[in-house]
Amino acid sequence: MSSNQIEENIVEAHIAIVLTDIIGSTKFVQKNGSHVAAKWFGVHDKAVMNFIARNGGQLVDASDGHLMYFGTIQDAIAFSFMYKKYLKKNKFPFSSRVGIHWDKMLIIKSEEHMVRAGGKRINLEGLGKNIAARTMSICGPEQILLSKDAYMQFKSRTKRNRNIPKDAKIALAGLYQFKGVSKPEQIYVLGILEKHLQPPQSGEKVKRIGGKKKIKVRLRNKKIKEIVWYFLKKILIIDLIYLFYLLVKTAGTFHGNHYFQKMTGINLSFFLGWAYVLLVEIKNIINLIVDKIF
């Protein structure tokens, strides 16, 4: 092959590299058998191809997961949300990981005789493929992970993609060290609910080296379901504290403890007597401090 032919088959461009992977695919096959697994994987792969086409992407390779690229980061994220939503809505018996990276890559078109022999029609070459793979490898079932370059490209967008949910949230998950990559990488997480934004932990080829342990979303940015659960948890905590206080008070009185033991068979004084004594001491100390101040 001449050098001119080589150059004609190679294009260098900035693209959004997307990698997906079915979580626990081997266990799924072992549990359900090859025939059942093949049916599910077939439906899954058709859906992936459909979403790639609808968002102007190009499939590069496929196995348990898929390698693809898009011309814009918005299209890559739109694909990811549509894909994740489809799996959940149709109650697939497995979930998947998605990792997105923005980088300058070599897009190599294979010759026709190689394609006819079973080779891939398109190949991607560049470090960006490794970064996308490492990013994807630690992704949780309900989240989408972006590299720093992907996030910066998304942040600089000038118009909105209608296939990206309006209530989508993004947060910095932390700093990660990828095997085979010299510099640590900032990873960003995309999701709808606060629980989707929680930082992924270290993986086989990825080590988390910094970042918040828990990511919190402001109350005004939470969905109604999240707000309801937020206040229910607060009320439950207050109720439990008050219940513990009542039990301690009961344990400190002879008649109260006697009746409680008669009804339940539990001697509160034996289990919580120490707490009543501690409560009385704290009360006395507080009264003493108040008397000295006033």
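Taking 45 Å as R0, compute the FRET efficiency from the Cβ-Cβ separation of LYS85 and LEU288 and round it to 0.05.
Values: r = 62 Å, r/R0 = 1.37.
Efficiency for this residue pair is about 0.15.
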Worksheet item: Once label points are set 7 Å from the Cα along Cα→Cβ at both GLU281 and LYS27, what is their separation, rounded to one decimal in nm?
Response: 4.8 nm
Item to complete: Would you mind ranking THR135, THR72 so that the residue whose beta carbon has the fewest other beta carbons within 10 Å leads the list?
Response: THR72, THR135
Fill in: Estimated distance in nm for a label pair at ILE227 and LYS213, the labels positioned 7 Å out from Cα along Cα-to-Cβ
2.9 nm
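Quick one: if the Förster radius is 22 Å, what FRET efficiency do GLU142 and ILE10 give, using the C-beta to C-beta distance and rounding to 0.05?
That pair, GLU142 with ILE10, gives E of 0.05.
With a Förster radius of 22 Å, plug the Cβ-Cβ distance of PHE92 and ALA168 into 1/(1 + (r/R0)^6) and report the FRET value to the nearest 0.05. It would help to have the intermediate numbers written out before the result.
On the way: r = 21 Å, r/R0 = 0.96.
Approximately 0.55, to the nearest 0.05.
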Response to the item:
Placing each pseudo-label 7 Å from Cα in the direction of the beta carbon, GLN201 and TYR245 end up separated by a distance in nanometres of 3.6 nm
Worksheet entry | Listed residues LYS84, LYS39, LYS214, most fluctuating in the chain (Gaussian network, C-alpha, under 10 Å) | LYS39
Discussion item. Between LEU190, LEU272, LEU19, where does the largest GNM mean-square fluctuation fall for the chain, given springs only between Cα atoms within less than 10 Å?
Written reply: LEU272
Fill in: Sorted largest first, extent of the chain alpha carbons per principal axis (Å)
98, 52, 36
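In the chain, what % of DSSP beta bridges are antiparallel (nearest 5)?
Given both bridge residues lie in the chain, the antiparallel proportion sits at roughly 95 percent.
If we sort 140-149, 201-210 on the protection proxy, mean other Cβ atoms within 10 Å, highest first, what's the order? Each step should come with its number before you reach the end.
Values: 140-149: 22.1, 201-210: 14.1.
Put in order of decreasing packing, that is 140-149, 201-210.
The numbers here are math on the coordinates, done by the rules we state, and not lab data. Keep in mind it's a predicted model, so treat the numbers as computed, not measured. Neighbour counts are summed over all protein chains in view; Cβ atoms, including those assigned to glycine, are modelled from backbone coordinates with ideal geometry.
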